Every structure is written in C-alpha cells, then in structure tokens.
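Structure, as structure tokens:
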Amino acid sequence: MRWAAMSFWSRRHQSPRGFDLHLSRTLFLLLLSVASAQGVTQSPKDSAHSTTQNPKDCLVFHFERGSSVSCHPPAELPSYLPADTVHLVVEFFNLTQLPADLLQGTSKLQELHLSSNRLESLSAKFLLPVPRLRVLDLTHNALTRLPPGLFQASASLDTLVLKENQLEDLEASWLHGLKGLGHLDLSGNRLRKLPAGLLANFTLLHTLDLGDNQLETLQPDLLRGPLRLERLHLEGNRLQVLGKELLKPQPDLRYLFLNNNKLAKVAAGTFQGLRQLDMLDLSNNSLASVPKGLWTPLAQSGRDMHDGFDISNNPWICDQNLNDLYCWLKAKKDKMFSQNDTRCAGPKDMRGRTLLAVAESQ
C-alpha cells in the first residue's frame with residue numbers, strides 16, 4: 001500500500017452564504033494528489049519505505065494516533081488494512097455492495113467515508129467491528145432504506161451523513177442506538193414526511209439537515225428531543241406553513257434555513273424565544289405578509305443577527321401590515337442580504353420598490 005498524506009473530511013457545515021467553513025473537498029483531493037506524487041509503500045512485514053507509483057495501491061499514511069487509508073479508482077480495494085486504521089475512505093468505486101469483511105480487524109476505526117458509490121443496501125452487522133466509529137459518510141449512494149440494528153454498536157457515532165441517497169421513507173427504528181449523535185444529514189433525498197419520534201432520543205444533536213427533500217409538513221413536536229440544536233436546514237422542500245410550536249424547544253438555535261420552499265404563512269410567535277439566532281434565510285418563498293409582532297423577538301437589544309438574514313424573492317405586499325417588518329429592516333439593514341431583490345409585489349403603486357426603500361420612507 002502507498003503511504004501518503006492524511007485526508008480531510010468536510011462536513012456539510014456551511015456559512016449563511018453557502019461557503020464551506022472547513023477544508024473543502026477540492027483541497028482534500030489536491031492534498032491527495034500531492035501525496036500521491038510523493039507516496040511510498042510499506043508492506044505489513046517490512047517497515048522499510050520505498051518510492052512507488054503503482055496505481056493499484058491505496059493512499060495511506062501512518063500517524064502516531066493510527067493509520068489513514070484512502071482508496072479511489074484506479075486503486076483496488078485493499079485486502080489488508082493496518083490494524084491501527086482510524087480513518088478509511090473508499091469512494092467513487094460504483095460499488096452496489098460492500099465486501100463483507102471490509103471492516104474486520106479495524107476496531108480502532110473512527111471515520112469511515114463511503115461516498116459516491118452506488119450502495120443499495122447495508123448489512124445489519126456491518127458496523128459491529130467498529131464500535132469506536134465517530135463519523136460515517138454515505139453521501140451520494142443508492143440507499144432506499146437502512147436495516148434495523150445497523151447502529152446497535154454505534155453509541156460513539158457523532159456524525160451520520162446520508163445525503164443524496166434515495167430515501168423516500170424513514171423509520172425511527174433505523175436510527176436506534178445513536179445515543180451520541182450530534183450531526184445528522186438527510187439532505188438531498190426524497191423524503192415526503194418524517195416519522196413520529198424520529199429525534200426523541202437525540203439529546204446531543206446540534207446540526208440537523210433535512211434540506212432538498214420533498215417535505216410538505218413537519219410535526220409540531222419534531223424538535224422536542226434535541227436539547228442543544230444550533231443549526232437547522234429545511235431549505236429546498238415544499239413547506240407551506242411554519243407553525244408556532246416547531247422552534248419553541250430550541251432557544252439556542254443559531255442558523256435557520258427555510259429558503260426555497262413554498263412558505264405563505266409564518267405563524268405569530270414562531271420566533272419567540274429564539275435567544276441566539278444569528279442567521280435567518282426566508283428567501284424564495286411565497287410570503288406576502290407576516291403577522292404583527294413576528295419580528296419583535298429578533299429586534300430585542302443585543303440581537304444583532306450576526307451572520308445576517310435574507311427575505312428576498314417573496315411577493316411582499318407593502319402596506320401597513322408590514323410596519324413591524326419596516327422597523328426591523330431599518331434597524332438591521334446592515335445585516336440584510338439581497339437588498340435589491342427584496343421588492344414589493346403590490347399594491348400597484350408600490351410594485352417594484354425595494355422593501356428597504358419603503359421602510360426608510362416611513
């Protein structure tokens with residue numbers, strides 16, 4: 001096998017404007033390319049290092065904390081993994097099934113990245129050999145379901161990424177055993193609804209990504225399980241109403257993404273109690289008006305919306321019913337994104353004017 005530079009993994013933690021806060025995937029691949037040019041091999045029985053350019057070898061680097069192994073075509077799947085492997089990447093192989101013994105003998109594994117294959121199913125026993133696993137990335141596969149019991153030995157798992165699979169339904173039992181889950185990414189699937197009690201036991205969850213699905217409604221008690229949610233992605237769905245109870249259990253929520261839905265109604269009091277909201281994205285919806293007092297909790301002293309807000313590309317009716325919003329815009333205009341795209345759709349004499357211009361004329 002080839003010994004090279006450690007790979008990095010970038011979670012789907014984005015800034016309000018969509019830029020990655022961690023090392024990008026592009027940088028990761030660049031580092032691997034550089035490492036490939038400088039790689040050396042080491043057999044299990046020989047500690048001597050020698051230069052090689054064998055394209056069938058995986059990229060590996062041995063650290064004091066353990067080995068990092070990265071396999072991409074044209075490399076072949078390894079028949080041997082160092083016993084101290086803590087980081088394993090097997091990507092872009094178009095695998096529909098994984099070798100049954102892939103993880104055997106890697107009890108120290110902490111990160112497993114299997115993105116960009118074509119995995120259709122997983123064995124319920126797949127993760128039993130890796131009880132220390134903290135990160136599982138299954139992005140861009142063909143999974144339609146997960147076997148109950150998959151996470152029976154995964155109490156240490158912090159990050160589960162199921163982005164861009166083919167999940168149409170979800171059962172709460174599929175996720176049983178994830179006692180320490182902090183980051184759950186279900187974005188880019190085909191989910192139309194979520195089961196009751198899905199997050200009931202995820203008290204440590206801080207990031208929930210349900211973006212780019214087909215959700216039309218959300219249960220009012222969806223977020224009653226997590227105690228410290230900071231980031232909620234609901235963008236790119238078909239939501240029409242944002243109910244008052246949904247966000248109530250999450251006073252420490254900092255980032256809320258609701259853009260690219262069909263929201264026509266946000267209930268009065270929806271933002272009541274959100275003590276630390278730093279980013280709100282309501283752009284590209286169907287909002288014409290909002291209830292009186294909706295913005296009041298976000299206008300309190302010390303609430304500066306640090307990372308900004310976006311309410312652009314909605315059909316706003318600029319009459320007296322938006323007076324609260326006008327006051328908020330004037331106070332927070334330096335935090336407002338897409339000001340030129342935040343315009344009145346009516347009444348006729350206001351059509352085309354920016355909301356900020358209307359607010360400042362009040």
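Here's the picture: charge each Lys and Arg Cβ at +1 and each Asp and Glu Cβ at -1 in the chain, and of Gly293, Ala200, Thr106 the one pushed furthest to the positive end of that dipole is Gly293. Solvent-accessible area assigned to carbon and sulfur over the chain amounts to 49 percent, based on a 1.4 Å probe.
Build a GNM of the chain with springs between Cα atoms under 10 Å apart, and of Ala100, Ala299, Ala288 the one that fluctuates most is Ala100.
Scanning residues 5 or more positions from Asp212 or on other chains, those with amide H under 5 Å from its amide H are Gly188, Glu235, Gly236, Asn237, with H placed 1.01 Å from N in the peptide plane.
Note on the stretch 166-244: semi-axes of the ellipsoid equivalent to its C-alpha gyration tensor, largest first and rounded to whole Å, are 19, 14, 12. Local charge for Ala331 was computed over the other residues whose Cβ lies under 15 Å away, with Lys and Arg +1 and Asp and Glu -1, and equals +1. In loop segments of the stretch 195-280 as defined by DSSP, the trypsin sites (Lys or Arg not before Pro) with at most 14 further C-beta atoms inside 10 Å of their C-beta are Arg228, Arg238, Lys262, Arg275.
Accessible area per residue for the stretch 122-169, computed on protein heavy atoms with a 1.4 Å probe, is 39 Å². Counted by Cβ distance under 10 Å from Arg224, the other residues give a net charge of -1, where Lys and Arg count +1 and Asp and Glu count -1. In sequence order, the stretch 174-191 has phi-based couplings of 4, 9, 4, x, 8, 6, x, 5, x, 9, 10, 10, 10, 5, x, 9, 10, 5 Hz under the Karplus curve 6.51 cos²θ - 1.76 cosθ + 1.60, θ = phi - 60°, and Gly or Pro positions carry x. The Cα atoms of the stretch 138-275 give a gyration tensor whose axes a ≥ b ≥ c have a/c of 1.5 or more with a/b no greater than b/c, which makes the shape oblate.
Orientation-averaged projection of the chain equals 19.2 nm² [convex hull of Cα atoms, one quarter of hull surface area].
Measure nothing but the geometry: give the 0 to 90° angle between the long axis through the Cα atoms of 25-37 and the longest principal axis through the Cα atoms of the chain, rounded to 10°. It is inclined by approximately 20 degrees. Within the stretch 51-114, the trypsin sites (Lys or Arg not before Pro) that combine a DSSP coil assignment with at most 15 other C-beta atoms in a 10 angstrom radius are Lys56, Arg65. For the chain, Cys327 stand unpaired, since no other cysteine beta carbon lies under 4.7 Å from theirs. Based on C-alpha pairs under 8 angstrom that are at least 6 apart in sequence, the chain has a relative contact order of 7 percent.
When the chymotrypsin sites (Phe, Trp or Tyr not before Pro) in the stretch 58-118 are filtered for DSSP coil states and for at most 15 other beta-carbon atoms within 10 Å of their beta-carbon, the remaining sites are Tyr80, Phe92. The reciprocal of the average 1/r between distinct C-alpha atoms defines the Kirkwood hydrodynamic radius, which for the stretch 81-173 equals 13.3 Å. Each Lys and Arg adds +1 at its Cβ and each Asp and Glu adds -1 at its Cβ; summed about the Cα centre, the chain shows a dipole of about 640 debye.
The values are calculated or read from the model by the stated rules, or taken from the named source; none is laboratory data. The shown structure was predicted, so the numbers you read here are calculated from the model rather than taken from an experiment. Backbone-built Cβ (ideal geometry, glycine too); neighbour counts: all protein chains shown. What goes into the accessible areas is simple: the full protein's heavy atoms, side chains included, and nothing from ligands, DNA or RNA. Shrake-Rupley method; radii C 1.70, N 1.55, O 1.52, S 1.80 Å.
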